[in-house]
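Peer 1: Provided herewith is a single structure, encoded as structure tokens, for subsequent inquiry.
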Amino acid sequence: MADLFAGFEPATPQDDPLAPDAPLADRLRPHRLDEVVGQEHLTGPQGAIGRMVSAGRLSSMILWGPPGTGKTTIARLLADAVGLRFAPISAVFSGVADLKKAFAEARDHARAGKRTLLFVDEIHRFNRAQQDGFLPYVENGTVTLVGATTENPSFELNAALLSRAQVLILQRLDRAALDKLLGRAEAEMARALPLTPEARDALVASADGDGRFLLNQAETLFSVAIEAPLDPAGLSSFLQRRVAVYDKDREGHYNIISALHKSVRGSDPQAALYYLARMLTAGEEPLYALRRLTRMAVEDIGMADPQALTQCIAARQAYELLGSPEGELAIVQACLYLATAPKSNAAYAAMKAAWQAARETGSLMPPANILNAPTKLMKDAGYGKGYEYDHDAADAFSGANYWPAEMAPQHFYQPSGRGYEKRVAERLAWWDERRREKNP
């Protein structure tokens, strides 16, 4: 495996000092676990990793976190801390043959008294069969597996593999951690970044929690001659901002959708507009956003404001007519309308209750008086007999029974009493009273 993945990870500085012209991020790679920034909840004395290192024994684990948060670094330092051989592979470039070779090498080293930490970067890219191939080697102790992934292990990794490995969650680097990285970069270069304090803050914000990206940006600034410190505008024109993480088929996508939906449901138009902007500026298909908003209109607003659904349908028509970017204003209007509308999930709850009752009651016949009778035979059988035409009754309400004889009347729909549903609730209450008077 070493020949196939030579250069996959730089050696530790103690074993092979990096050249002065090595990338800044590699030169600043921590030598000890306590030098890793932003993950103290794991690497500290009371953290899961800190406890394992203190005990001198590692269990297999999955490191789950955003890019640039130290997953590879932690894996390498773990091997050093407990005296294991570090064997890195990447699921992007490896297949079954590579895995067999890695396991064979681990067995050979185990016979010589050296156990192996097998680090698998992007482990979620292995298919289910390949993931199953790890199981016997993890179980018999041939390797201690440390996998790294940016994707939710619950969705991307086999349950059998997850049952044999502890999932540790790495956090997106906060401002304090990113500031510490910049300080180390300045110490390494023996000079300050050519930035005003405001521009320095903007640089940290632009990294979006990715330490590797931040150090690459800093290295770019160090590599050119800048006469006067850059202000935020000068920095913006000089560097590119990190593209937000928003894979359309991955967890980040569904997290933002969930945040938008719950912000609308919670009647927070400001937060809803923010998450809508996150979606659209990251390249989400506007019609997909409109479909999700339409779902919110019927699930979370419903009869409390029936115009919410109309607003969403109109927004789609406006977007299809105008296109981007003008049509996106119609999407914004629909989003704000939903977030500021009275809320009710009564229709949604009624649907679930009615569907459940339909499944449970099977093929109960409606009462004969409301059955259609297009033939003489059906009329003779009593179909339609005694039907009361509501428009002929006072207030266009007969108060007749419409339920199967074997089934008591149900109340699936319970209006919330908010918005338009308040009027609906009053009307239903009046009708119910009339029915009770007719059918005590």
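Peer 1: Taking the highest mean first, how do the peptides 367-379, 286-298 order by number of other beta carbon atoms within 10 angstrom per residue?
Peer 2: Going by the mean number of other Cβ atoms within 10 Å, highest first, we get 286-298, 367-379.
Peer 1: Could you give me the ³J(HN,Hα) list for region 224-234, computed from phi with Karplus coefficients 6.51, -1.76, 1.60 and θ = phi - 60°, whole Hz, x at Gly and Pro?
Peer 2: 10, 8, 10, 5, 10, x, 6, 8, x, 5, x
Peer 1: Whole number in Å², please: accessible area per residue of the chain, 1.4 Å probe, ligands, DNA and RNA not counted.
Peer 2: With the other protein chains kept in place, the chain gives 54 Å² per residue.
Peer 1: What's the longest uninterrupted piece of the chain once you rule out the GluC sites (Glu not before Pro) that are loop residues per DSSP with at most 10 other Cβ within 10 Å?
Peer 2: Answer - 1-226.
Peer 1: Compute a Gaussian network model of the chain, connecting alpha carbons closer than 10 Å, and tell me which residue from Ala75, Ala358, Ala160 fluctuates the most.
Peer 2: Ala358
Peer 1: Further question: Considering only protein heavy atoms and a probe of 1.4 Å, how much of the accessible area of the chain is carbon and sulfur, as a whole percent?
Peer 2: 54
Peer 1: Consider the candidate values [x] 44, 24, 21; [y] 38, 30, 20; [z] 61, 32, 18; state which one is semi-axes √(5λ) of the Cα gyration tensor in Å computed from the structure displayed.
Peer 2: From the options [x] 44, 24, 21; [y] 38, 30, 20; [z] 61, 32, 18, the structure gives [z].
Peer 1: If we sort 261-267, 66-72 on the protection proxy, mean other Cβ atoms within 10 Å, highest first, what's the order?
Peer 2: 66-72, 261-267
Peer 1: Eight or more residues apart or on different chains, and alpha-carbon atoms under 21 Å: count the Lys pairs in the chain matching that.
Peer 2: Final tally of qualifying lysine pairs is 10.
The values are calculated or read from the model by the stated rules, or taken from the named source; none is laboratory data. Since we're looking at a predicted model, the values are computed, not measured. Here Cβ is always computed from backbone atoms with ideal geometry, including for glycine, and neighbour counts include all displayed protein chains. Ligands, DNA and RNA are stripped out before the accessible areas are found, and what is left, the full protein with its side chains, is counted by its heavy atoms. Shrake-Rupley method; radii C 1.70, N 1.55, O 1.52, S 1.80 Å.
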